[in-house]
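J.: Can you read through this structure? Questions will come right after.
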Ligand SMILES: [Zn+2]
């Protein structure tokens, strides 16, 4: 059982809420089914381009993806991703294009996942993260890693097949670890990346290396970036992070040494913060409250034990 009670945190983890979409992977190789689904009048399609999609305000104050019936979308397009069906049998596709379509009304606007992920409801956020992840993978895997020849899209966007050697390539996901480290006084270790704006501190993070367990990866990254050794590691939650192809695995970790020695290359500064230290730093403006869809904000809030101030809010 987790030592961190999720009820103490009010911050949802972006891009992880149940979307209500059944990915229906068994249809991906059924061209006849896909063709019928594409032309069905209830089918909904949105365009994804360069990690962006059009979003629009709804009358009830929400935000949604701009979707059209498939028959309004170009049918000659080969970059068509089947994303799944909902509980009403509606089929959803994304169409990858070189640019987004013209705006249909004044309030529709292009948005990337970092913005849209905080505004869209679970269904649309789930559809968009799926489409953006596929688009990123397609863009970077146009050539066969086995023989170097061109690959073509297959399985409604979920396979790339080499026409020369027949190899099938599947969407790749790179595991990355992100962790909040605490010390023997239950202070949290937060660091500043070299290229971050002043005042931004967050959890440490890094990629899992070949031949490494995720627990080993947590320990190695924390030691490399901050010079601190860790013992006990507790898994909290994961988050798709298709920038371009990561899966963030979130942990709480207990330090077994406490002296900080930052690498100076990736991490410029790291500090132990007590809850009181962090509250004071938020109040003075020395540290900016975490923002955005990243699981980092949730990990910090789990430790903090109460909602973190929102950016720009008076504290
Ligand atoms: Zn090949």
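J.: Considering only the range 10-65, how many residues are modelled with pLDDT of 95 or more, closer than 30 Å to residue 251 by Cβ and crowded, with 18+ Cβ neighbours inside 10 Å?
T.: Selection size over the range 10-65: 2.
J.: Between a first residue in the range 146-161 that is under 13 Å from residue 28 (Cβ atoms) and a second residue that is in a helix (DSSP H, G or I) and more than 10 Å from the ligand (Cβ to nearest atom), which pairs have beta carbons less than 6 Å apart while being 6 or more apart in sequence or on different chains?
T.: Qualifying pairs under 6 Å: 156/34; 157/134.
J.: Oh, and also: Can you tell me how many residues within the range 34-88 are part of a strand (DSSP E or B), free of Cβ contacts under 8 Å to residues at least 60 places away in the same chain and over 20 Å from residue 111 (Cα atoms)?
T.: Residues flagged as part of a strand (DSSP E or B), free of Cβ contacts under 8 Å to residues at least 60 places away in the same chain and over 20 Å from residue 111 (Cα atoms) within the range 34-88 amount to 1.
J.: Going by what's in this entry, would residue 126 be described as under 23 Å from residue 26 (Cβ atoms), touching a residue at least 40 places away in the same chain (Cβ under 8 Å) and away from the ligand (no atom under 16 Å from the Cβ)?
T.: Yes, satisfied.
J.: Still on this structure: Given 135, 149, which one is modelled with pLDDT of 95 or more, out of contact with any helix residue (DSSP H, G or I) (no Cβ under 7 Å at 6 or more places or on another chain) and within 16 Å of the ligand (Cβ to nearest atom)?
T.: Being modelled with pLDDT of 95 or more, out of contact with any helix residue (DSSP H, G or I) (no Cβ under 7 Å at 6 or more places or on another chain) and within 16 Å of the ligand (Cβ to nearest atom) holds for just one of 135, 149, which is 149.
J.: Let me ask another. For the range 152-159, does any single residue satisfy the condition of being over 20 Å from the mean Cα position of the chain (by Cα) and either closer than 12 Å to residue 65 by Cβ or assigned by TED's automatic domain parsing to the domain that holds residue 248 (or both)?
T.: no
J.: When you look at residue 197, is it more than 16 Å from the ligand (Cβ to nearest atom), part of a loop (DSSP other than H, G, I, E, B) and within 27 Å of residue 32 (Cβ to Cβ), yes or no?
T.: no
The values are calculated or read from the model by the stated rules, or taken from the named source; none is laboratory data. Only a predicted model underlies this, so the values are computations on that prediction, with no experimental measurement involved. Glycine also receives a Cβ, built like all others from the backbone with ideal geometry; neighbour counts cover every protein chain displayed.
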